[in-house]
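*Asks:* Quick one: the structure is below, and I'll ask about it shortly.
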Amino acid sequence: MNKVKIGKLDSQLLEKVIFNNIKLHRKEVMVRPGIGEDCAVVDFGEYALIMSTDPITGAASEVGRLAVHINCNDIASNGVEPLGLMMTILAPEETTEEEIDEIMKQASTEAAKLNVEIIGGHTEITGAVNRIVISATAIGRQLKTDIVKTSGAKVGDKIIMTKTAGLEGTGIIAHDLEEKLSLIFSREMIESAKKMVDKISVVKEGIIAGKIGASSMHDVTEGGILGAVWEICKASKVGCNIYLDRIPIAEETKKICDFFDIDPLKLISSGTMLITITGDKKDQLIKNLNESGIDASVIGEITQEGRYIVRHDEQTEIQPPESDELYKVI
């Protein structure tokens, strides 16, 4: 028996035991499961239904907030505004009414900010889990002609990154390991790191990039920046050059990652969007993002083959994502 590593399944295992076991293909399905694809897309005539589902398993606090944003972010990676969300809450025995109430207050508040309605779900106390697990499914609607896929990157495209690397992971660690961090770092630094959770939505940048004409988008989740870059290239059958000195990393992230000896470029980073776009549109995209209060950087370009991170004059091949760095400390 082969034991599976903690975290989401790696690309080889996904193809072997998940994708290869999906036998039926209906003609209405426009986008099916694939490495790096954030959403399924189903044909509904002039429009398509966009759907995505993700759980929250790597955090102990702020789970209601995170569940909303990580799922709505996937919808936004198709260039569309999310409109509905279904939530399943599995809670261990001895969970209190107040804890469930807090989760729903968080989820409701964040959903309202995004103009997303919580349209259904399921809540259950069960001995099958030892901590609260939330799985949610988000939906959106888009004209079929305007759909953006992870697999759309083209040779020559520029790679745009929004915000900073390791964003969500930094916020989770600061919330869940606050007491441990307080022995080393200042209260001000820890509070600043905790506030990174406030930046985990990419809905705004997804809609902006969709309107300008992004060729592909990918929300940076488990595996971090390097994992997301690799998945875009795998899905699009292309290569890339990513320049290390162009990747923005917040000081809070650097300090926390140094403390725990983890790599910020492989740390979960919901709130960061990778966007590929033609060179003639990149300046307009960055301008529009900046005008909406979103920092954006050109960190590389799509090439014919070979997936590399460039440090000075040295190229290092980007490997397929493995278990996220978060699981080394949480």
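*Asks:* Given the criterion part of a helix (DSSP H, G or I), open to solvent by 10 Å² or more (accessible area, probe 1.4 Å) and in contact with a Ser or Thr (Cβ under 7 Å, 6 or more places away or on another chain), identify the matching residue among Lys194, Lys234, Lys180.
*Replies:* Sole residue among the options that is part of a helix (DSSP H, G or I), open to solvent by 10 Å² or more (accessible area, probe 1.4 Å) and in contact with a Ser or Thr (Cβ under 7 Å, 6 or more places away or on another chain): Lys234.
*Asks:* With respect to Ile249, is the statement that it is over 23 Å from Pro33 (Cβ atoms), among the β-branched types (Val, Ile, Thr) and open to solvent by less than 10 Å² (accessible area, probe 1.4 Å) true? First the steps, then the outcome.
*Replies:* On the way: over 23 Å from Pro33 (Cβ atoms): yes; among the β-branched types (Val, Ile, Thr): yes; open to solvent by less than 10 Å² (accessible area, probe 1.4 Å): no.
Considered against the rule, which asks whether it is over 23 Å from Pro33 (Cβ atoms), among the β-branched types (Val, Ile, Thr) and open to solvent by less than 10 Å² (accessible area, probe 1.4 Å), Ile249 comes out as no.
*Asks:* Being touching a Cys at 6+ places or on another chain (Cβ under 9 Å) and hydroxyl-bearing (Ser, Thr, Tyr) narrows it down to one of Ser192, Ser201, Ser151, so name that one.
*Replies:* Ser201
*Asks:* Now for a separate question. Name the pairs whose Cβ atoms lie under 8 Å apart, with the first residue in the stretch 176-189 and among the polar types (S, T, N, Q), the second outside any loop (DSSP other than H, G, I, E, B) and surrounded by 12 or more Cβ atoms within 10 Å (Cβ to Cβ), and 6 or more positions between them or separate chains?
*Replies:* The qualifying pairs are Ser182/Ile190.
*Asks:* Scan the stretch 235-266 for residues that are within 20 Å of Gln12 (Cα to Cα) and modelled with pLDDT of 95 or more and jot them down.
*Replies:* Ser236, Lys237, Val238, Gly239, Lys266
*Asks:* Give me the residue from the stretch 33-64 that is of a type in the set (D, E, K, R) and under 14 Å from Ala138 (Cβ atoms) and, out of that set, surrounded by the fewest Cβ atoms within 10 Å (Cβ to Cβ).
*Replies:* First pass over the stretch 33-64, keeping only residues of a type in the set (D, E, K, R): 37-38, 43, 46, 54, 62.
From the residues that got through so far, the ones that are under 14 Å from Ala138 (Cβ atoms) too are 38, 54.
Numbers: Asp38: 26, Asp54: 23.
This residue is Asp54.
*Asks:* Out of all the residues in the stretch 7-27, which are touching a residue at least 12 places away in the same chain (Cβ under 8 Å) and surrounded by 11 or more Cβ atoms within 10 Å (Cβ to Cβ)?
*Replies:* Of everything in the stretch 7-27, those that are touching a residue at least 12 places away in the same chain (Cβ under 8 Å) and surrounded by 11 or more Cβ atoms within 10 Å (Cβ to Cβ) turn out to be Gly7, Lys8, Asp10, Ser11, Leu14, Glu15, Ile18, Phe19.
*Asks:* Something else about it: For the stretch 168-177: of the residues being of a type outside the set (Val, Ile, Thr) and touching an Asp or Glu at 6+ places or on another chain (Cβ under 8 Å), which is most open to solvent (accessible area, probe 1.4 Å)?
*Replies:* His175
*Asks:* Can you find, within the stretch 197-225, the residue that is surrounded by the most Cβ atoms within 10 Å (Cβ to Cβ) among those that are more than 10 Å from the chain's Cα centre (by Cα) and hydroxyl-bearing (Ser, Thr, Tyr)?
*Replies:* Step one: of the stretch 197-225, the residues more than 10 Å from the chain's Cα centre (by Cα) are 197-199, 203-217.
Narrowing further to those that are hydroxyl-bearing (Ser, Thr, Tyr): 215-216.
Working: Ser215: 22, Ser216: 28.
The extreme case among them is Ser216.
*Asks:* Which residue, of Ser108, Ser77, is under 17 Å from Val202 (Cα atoms) and of a type in the set (Ser, Thr, Tyr)?
*Replies:* Exactly one of Ser108, Ser77 is under 17 Å from Val202 (Cα atoms) and of a type in the set (Ser, Thr, Tyr), namely Ser77.
*Asks:* Evaluate the following for Ile225: is it under 29 Å from Gln12 (Cα atoms) and in contact with a Phe, Trp or Tyr (Cβ under 8 Å, 6 or more places away or on another chain)?
*Replies:* So Ile225 fails the test.
*Asks:* Right, here's the next one. Kindly provide the set of residues from the stretch 168-177 that are of a type in the set (A, V, I, L, M) and part of a helix (DSSP H, G or I), ordered by number.
*Replies:* Selection gives Ile172, Ile173, Ala174.
*Asks:* Name the single residue, out of those in the stretch 252-304 being hydroxyl-bearing (Ser, Thr, Tyr) and closer than 30 Å to Lys237 by Cβ, that is most open to solvent (accessible area, probe 1.4 Å).
*Replies:* Here the residue is Thr278.
The values are calculated or read from the model by the stated rules, or taken from the named source; none is laboratory data. Since we're looking at a predicted model, the values are computed, not measured. Methodologically, a virtual Cβ is constructed for each residue, glycine included, from the backbone with ideal geometry; neighbour enumeration extends over all protein chains shown. Accessible surface is based on the protein model in full, side chains and every heavy atom, while ligands, DNA and RNA are left aside. Shrake-Rupley method; radii C 1.70, N 1.55, O 1.52, S 1.80 Å.
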